[in-house]
Structure formats: C-alpha cells, structure tokens
Amino acid sequence: MLELRPDSTTPLVNQIIDGLRGLIDTQTLKPGAKVPSIRAFAATYSVSTFTVVEAYDRLVAQGLLVSRGNAGFFVNRSAGEVLEKQGHTPGPARPTFNSEWYLQQIFETRQLAHKPGCGWLPNDWMFEDGLRRGLRQVAGSPLELTGYGDPMGLPELRALTAQNLQQELSIVANPAQLLLTHGASQALDLAVRTLVRPGDVVLVDDPGYPNLMSILRFQGATLIGVPRTPTGYDLDHLERLLAHTRPTVFFTQPHLHSPTCSRTPLAQLHRLLQLASQHGFRLVENNLYADMIAEPQPCLTTLDHLQQVVYVGSYSKSISPNVRVGYLLANPELIQQLLRLKMRSGLTTSQIMERVVYAAIIDGRWRKHLKRLRQRLAEAHQQVGRQLHRLGFELFIESDEGMYIWTRHPAIPDSAALLDDALEQGIMLGPGQLFMVDAQATGWMRFNVAFSTDPVMWEMLEKLLAKHVRRGVST
C-alpha cells in the first residue's frame, strides 16, 4: 500500500502520514475504510509500533482518521473536506502519543502473564477484604436508588478525607473545599478544563504522566517539560524557562513521582511556591501515591493552604483500580467552578461507590493494610533492584517506597525497541518514550516492582536483553 524508505532523510513518521494522506486524497482509501491496525502496519512495513502510533495520532489530530474504541482506526467520512480546507498540505507535526492506544492496548492488556510496565497493583496487594466488607455493608443498608448523590460527593467521605489529610499531611481544609470525582483522572480533567485555555503554556514533569499530557494536548495547551532529577526538580532549568515563558499552570507530582518515584525536598517546595507567586502561575499537585509514603512529609498544599495550589488525590491506588473515587481540594471560589463543570459534564458521582469506600476506610483493618502494603513495596524494591543491577541496569534513584523503578541499560538506547519482542513473550513493558513530553526515544523504562518479582520473568528478560545487545553490536 505504501513505500517507506528507511534510508530517506524524511522521518518514517512523516512518510507514513504523507503516504496515507495521499491514499485518502486519491480515494484509494475511501471514507469509512478501516486502515491496518497499529501492530499489523508495523509488522507489514518493519517499523516500530511507536512510529505507527505517532503517525496515526497525528492523522487523528488532523481529522483524517478516527479511532473507534477497540475496533481500530478508520478514514474519517469528512476527510475530503478536511483535505480541501487544508489545501492538501499537512499541518505542523507535533510528537504526541495516542493516549487511547496507550491506555487500552498496553496498560489494559491484562491477559499477559507478566506486567512489569503496568500502573496498578496485583489483586492480592489491594484492600480486597475491606472492599468486600464495605460492599456487604452498603448492600445491607437502605439504598436510595431513585435520585442522584450530593453534587460535591458523599458528605461523610468528604469529612473523613479532610480529617485524614490534616492528620497525615497537615493539610488544613474543610469538607466544603473537597470535591469527590470519578477517580483522579476526572479530577485532573476538571482541573485542566477549568484552569487551561487553548494556546496556554503549561508546565509538566518530564518525564511525567502520559494521560495528563493527553488531556492537556486535547485542551490545546502548549506543554513544556520541567526535568526531574533524583533529588526533585531541576530548579535552575525551571528558572531559565520562566525567564522567557509565561505558564498558566504547573501540573506536578512532587512525591513518589511517576515514573521515577523521586521525592522533592522541603526547600524545593518552598522555592517552587515562591516562583509560582512571582510569575503568576497555579500549581496542581497530583499526590496519587500518598498512601504508599512510609514517612509522610509536607507537600505543596501543606505549605500553601490552597492559595495557589489545587490538590488531587485518589483511593484507587490503595483500595482497587475499579474503585473510581478521587478528589480535588481547592480554595472556595475555585471549588465552585470545578463543581459546576463536574455537574455539566457528568452530574454527580456514584454515591453507592462512595459509601463503599467510606465503609472500607473506617474499617479497623485499613491502617494495617496500608502498613503491610508499604512493607511489601519496600521488599519488592530491594528484590527488583538486585535483579536490575545484576543485568547491568542503571537506577534513577535507590528507593524503597512507591510502585516504580525508573531505569535504563547502557546497551539499549531505545527501550521501545524491546516492546514488540517482549509482548510476544507475554511481557508488558513500560518504555520510557511513553512518559517523555517530547515523545522522543529514550533508554529509560519504568518497572512496577509489585509485578516484577517473578524469577521466570527475569530469565525471559535476560534472554531478551542479550538478543538486543547482540543485535546492537552486529549493526
């Protein structure tokens, strides 16, 4: 269907885009026609799946392709009109990832035997017993099934969450400043759509959270990455950025940052707040992994008292991914804006699920579960770290907290090159390119320690690594 030339000075991504545009323009690919799947295209033309993802993503952004859930990609029925309006010339290329493909095809490939690249915990690491007790308790109590829940979310859960945040993180906020959401993803989406306008410059962690980057790009934001270091932020780099850019918001994860699991020192948090005040931008603090921190320390919200900072939290990481209960903290004026947007986009959240979560966290075993979870993560960090060192990997930091290890091998300049071979072996990896703001190839990759303790998996990875090292030497 296409002729791709790897030896050309034109990047393969652009060759794919131009080729498919030509086929659509000449109606060789007619409106509504299905294009090859990402994996099929990659196999046919011997290119990386990531190259195809980027090309398809840009074609979707340009309006020439549409993605239909699990069905695949199709030629947009209005593609002819799009081409006519664009004068048959492609728009400016921007290196982005198709977040739908990322979330559904990679992180939701649950049937694979080994999932070191996933973003959740194994079933037996979750608060399954507490969740079952909560479900039984809610099912045995009178349920109001004819109405919606409180727009702000279940009052009892909001009050308890505010109380726990004050006890554990010294965050002073009353329940009227806490809005329950459908998980942290909706919380971030509400924050993005409330605080960001198309064309705004927005700062994000680099590497950072792919789903957030996708939401921001869909909103029309211009993303600029703030590099993470093993000891927090690269503040010198940030100050240089602020000398010639005017960001609206900085979306950041100071503690147990994904994918690096690094933590930010208190002095850096103070300096970041000073810079936000000086340059007039807000901070959205994503603290998804707070329950996994062995020794909690002040966060941005603790220091700021919700003046410049919006706080995002969730119960999904420590209770269950299927528990879609997250929350936002903000000042009273902003929380009302967020509430109005929540109601416009999805009405209220599920009061039944909020009652289940409330029942789970007032369970006397909840604290014991969190303590045991932190212990298991610490043990897994030690075990996985030893395996990575044995195979010659470099670790971004040495840690015993959180879910992730950010690592790279000196002989593998592009960790995405391992992905297809690993999938054939039943291994889901987390290649670093997924987490980079510019989506460029990188040797870094993310390991979820809770899914990385099986010796069989390490034997398979050792063989896979040796194969790619030999391939690199031969070329």
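Key figures
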{"read-out": "Beta bridge orientation in the chain: antiparallel %, DSSP, nearest 5", "value": "55"}
{"read-out": "Sites Leu391 and Asp18 - FRET efficiency at Förster radius 45 Å, r taken between beta-carbons, to 0.05", "value": "0.65"}
{"read-out": "Given 14 as the ceiling on other Cβ atoms within 10 Å, longest exposed-site-free region of the chain for GluC sites (Glu not before Pro) in DSSP loops", "value": "145-397"}
{"read-out": "Degrees between helix 12-25 axis and first principal axis of the chain (Cα, 0 to 90, nearest 10)", "value": "80"}
{"read-out": "Lysine pairs in the chain with Cα atoms under 25 Å, if 8 or more residues apart or on separate chains", "value": "9"}
{"read-out": "Alpha carbon convex hull of the range 347-413, projected area averaged over orientations, nm²", "value": "7.5"}
{"read-out": "Approximate spin-label separation His305-Arg271, in nm, with each point projected 7 Å along Cα-to-Cβ", "value": "2.5"}
{"read-out": "Backbone HN-Hα couplings from phi across the range 312-328 [Karplus 6.51/-1.76/1.60, Hz, Gly and Pro as x]", "value": "10, x, 7, 9, 5, 6, 9, 9, 5, x, 6, 8, 8, 10, x, 7, 10"}
{"read-out": "Antiparallel %, DSSP beta bridges [both residues in the range 128-361], to 5", "value": "35"}
{"read-out": "Ellipticity estimate at 222 nm from DSSP helix runs (n ≥ 4, -39,500 (n - 2.57)) divided over the chain, nearest 500", "value": "-13000 deg cm²/dmol"}
{"read-out": "Using alpha-carbon coordinates, inclination of helix 366-390 to the longest axis of the chain, degrees", "value": "30"}
{"read-out": "Cut-off 15 Å between beta-carbons: net charge of the residues surrounding Leu160, Lys and Arg +1, Asp and Glu -1", "value": "-3"}
{"read-out": "Rg/Rh (Cα only; Kirkwood hydrodynamic radius) as it applies to the range 128-361", "value": "0.97"}
{"read-out": "Check: the chain dipole with +1 on Lys, Arg Cβ and -1 on Asp, Glu Cβ, in debye", "value": "620"}
{"read-out": "For the chain: Kirkwood Rh in Å [reciprocal of mean 1/r, alpha carbons]", "value": "23.8"}
{"read-out": "Phi-based couplings in Hz for the range 192-204 (Karplus 6.51, -1.76, 1.60; Gly and Pro marked x)", "value": "4, 6, 8, 9, 10, 10, x, x, 5, 7, 10, 8, 9"}
{"read-out": "Built amide H within the under 5 Å cut-off of Thr222, gap 5+", "value": "Gly199, Asp200, Val201, Val202"}
{"read-out": "From phi via Karplus (6.51, -1.76, 1.60), per-residue ³J(HN,Hα) for the range 337-352 in Hz, x at Gly/Pro", "value": "5, 5, 5, 4, 5, 4, 5, 5, 8, x, 6, 8, 8, 6, 5, 5"}
{"read-out": "Nearest 10 degrees, 0 to 90: helix 155-169 Cα axis against the chain principal axis", "value": "90"}
{"read-out": "Radius 11 Å from Cβ of Arg228, net charge of other residues (Lys, Arg +1; Asp, Glu -1)", "value": "-2"}
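We did not get these values from a lab; they are worked out from the coordinates using the rules stated. Quantities reported herein were computed from a predicted structural model and do not represent experimental measurements. Heads up, the Cβs are rebuilt from the backbone with ideal geometry, glycines too, and the neighbour counts pull from every protein chain shown.
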